[in-house]
Amino acid sequence: MKLMYGTHVHVTRVHGTLSLRPLCETHACTPCASTSLAHTCLYVRRYDTGSNSKGSIMAYRAARADNFDGTDYSLHSIIGAARSDASKPMATLGAIDGVPQSSYWSTSDGLDDTGVYSYFSRTIPADSAVAKAAAELVKSQGHTKVGIAHVDDPYGSSWKDAFVKYCR
Amino acid sequence: MPPLFTPLHPLFTHVCGSHPHTCAFHSEFDPSIQVVTSGFVGGNQASAENSAVVLNSQDIRVGFVVAFDATFGYFMDKAEELGMVGPGYFWITGDGVGSAKIQGSNAKQSNGIGKMLSLGGVPGATVYDQFKADWDLFDSSAAGTALKTYAEAMWLDPHTADASHAAAEGTDLSLIGSTFFADNAPDDVATYAYDAVMQHGIGACAYKAAGGAFDTAFDGSAFYAATAAVEFTSITGSVRFLDTTGSRDPASSNFILYNWQCEGAEGLETCTQYTAGSWTMAGGWDYSGGNTPDVDTDGTPDGFRFSDNTLTSPSDSPSEIEVLKIGFLHPFYTLDGTDYIYSSSGHNNMVGSLMALQVRTRERSYKQTRCN
C-alpha cells in the first residue's frame, strides 16, 4: 500500500513526522491478524503541503505522479494534511480520484460534509467537540460576555461557529 | 472603527475594515452569552493586532484566541500594549498554539492563560506508555543515528511540492540524538498521526481479507469503507469513527484544559504548564484529576489559577465608568429608568428589548461594582 504523508514540518511540530517511524518507516510491514493474509507493507513518502491550499494541491499532484517503488501503481491513501486549510482541497481531489484520506490534525467541522469530502476521515475529533467544552467552561464560570479572535480560515471559522452555536 | 452604538445593538452589527479580510468582525448577542468575534488573516501581523483592537473596543475581558503560533504572538503582544493581559483578563487558546510558544512569551502574557485541546495520548494508558518507551529510545546513539538518517532522507528529499516552503523549515536535526525525546513527550500531533497510520494499516488488513487488492484492481471506495470501520485501542484511547462523517468519535477522545502559572521576581519568572481539568462528552468538566499546585495545602490540587493569582475567573462585565457612558449616550435610558423600559408598552420593539437586557446586565454589574 502506498501512503502519502502530507504535512508541513517546523520544529514545534517535529513530533508528528517522527512518530511515523516506529510503525512504518518507508518499507515497514504491518502483520495482519489473520495468518492467511500476507503482511501489508506500507510505502510511505512525505510531501510538504506548506500548510496552505496551494501547497496541498501541489503535494497531492506530486504524490499522484510519483511511482514510489518503481511500479506504476497509483497512490492508495493519504495521511494528513495537518491543517484544515490544506486538507480541504486535498480531500476534494481525493474524493474525485477515489483516494482515501485520514488527517491527524484537521479539525474543521466543514470537513464533515460527506457530499464533498466523501473519502475523508480523521483520528482527531472535529472542532465542535472542543468548542462545546469551551462553551460549557465559560457558562460554568458564569460569564455572559466573551470574545473570540480567530484565524479566518476553515479551522478558526469552524471553531468560532461551533462555539457561538453552543453558547445559545 | 465600529459605529458608536455598536455595544447596544450588536445583533445588527457587521463592520468591515478597509482590508477585505478584516470583514469577518461581527458581534452576536443572545440572552445567555454574548459572543464578540473578530477574524484575522493567518500570518498577518496587522490583521491579528486589529483583532485585539476590536475586542478591546468591545470591552472583552474573557476570550479565546484561535490561532497558530505567530499570529497568537501578534495578538497577545497587541493585547498587552492595550492593557488586556494580566489581572482582570482571561485568555484561552487551543491546539494551534504550541506550548513552547506560550513558554517563550513573557510572564505577564502567560500567567493565568488557558489552553484547551483534544489531548491525544494519555500518559498512564498502556498503549501510550509502550509508545513512550519506544519514543525515548530515539535518544540512544544507535536509534538516534538511524532516525537522523531517516529524517534527512524524508525531510530533505526532493518530495517538497511547494518550492516556496523549504522541506526542513525550522527543523533542527541536531536535536536528535541528544535528550530531545526524553525532554519532549509525544504531543497531540504525534499521537493522532500515529493512530492515523494504524487506522490505515488495520484497515488494509480488513480490506485485503475482504478480497481487496493494492494493484491495478485497487478499489478506493472499498478501502475507505474499511479504514472508516476499524475500531482499535491505541495511543489516543479507543479509536473509532462516526458512521455519518468518518470523523473521530468525540466520545472516544480526551479533552484537556491546561493552565499556565508563573512564579518568581519580575523579569525572572518561571512559567509552568499544569493540567487544570479534563472534559468528556458524557461527563462534562472534571477538575479532580489535575496537577495544579496545592497552595492551600488541603491535599488536593487547587485548580485553575487566573492572572491575578486567585482561583476566581475575572468579571466579564463592564466597569462603572462604562455604565455612566451608557447614560451619556442614552440620557433617556438612565439606570433609574430601567424599570420604565421593562414595563413600557411603548418600547416593545426588538431594539427596546435588547437594550433592556443590556441595561439590566449593566445594572447588575454596576451594583456589583458598588458593592465591592
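Spin-label model, B:Ser140 to B:Ala251: label points 7 Å out along the Cα-to-beta-carbon direction sit 4.2 nm apart. What a 1.4 Å probe finds exposed on segment B:180-229 is 54% carbon and sulfur by accessible area, rounded to a whole percent. Normalised per residue, the accessible area of segment B:70-118 is 29 Å², obtained with a 1.4 Å probe and no contribution from ligands, DNA or RNA. Calculated accessible area for segment A:67-161 comes out at 26 Å² per residue, all protein chains present (probe 1.4 Å; ligands, DNA, RNA ignored). Here the simple spin-label model places points 7 Å from the Cα toward Cβ, and for B:Asp219 and A:Ile96 these points are separated by 2.5 nm.
Annotation for B:Asn291 and B:Glu231: the two label points, set 7 Å from Cα along the Cα-Cβ direction, are 3.1 nm apart. Summed over both chains, the accessible area lost when A and B associate is about 9100 Å², using a 1.4 Å probe.
Calculated over segment B:191-275, the projected area of the Cα convex hull averaged across directions stands at 8.3 nm². For segment A:87-105, heavy-atom accessible area (probe 1.4 Å) falls by no less than 40 Å² from the chain alone to the full protein assembly at A:Pro100, A:Tyr104, A:Trp105.
Once you've got the Cα coordinates, tell me which of B:Lys78/B:Lys108; B:Lys78/B:Lys115; A:Lys132/B:Lys108; A:Lys88/B:Lys101 are over 21 Å apart. Where the Cα-Cα span goes over 21 Å, the pairs concerned are A:Lys132/B:Lys108; A:Lys88/B:Lys101. Apolar share of the accessible surface for segment B:23-126: 52 percent from carbon plus sulfur atoms, 1.4 Å probe.
The values are calculated or read from the model by the stated rules, or taken from the named source; none is laboratory data. The structure presented is a predicted model; accordingly, all values stated were derived computationally and were not measured. Every residue, glycine as well, gets a Cβ built from its backbone with ideal geometry; the counts of neighbours run over all protein chains shown. These area figures cover heavy atoms from the full protein model, side chains too; ligands, DNA and RNA do not enter into them. Shrake-Rupley method; radii C 1.70, N 1.55, O 1.52, S 1.80 Å.
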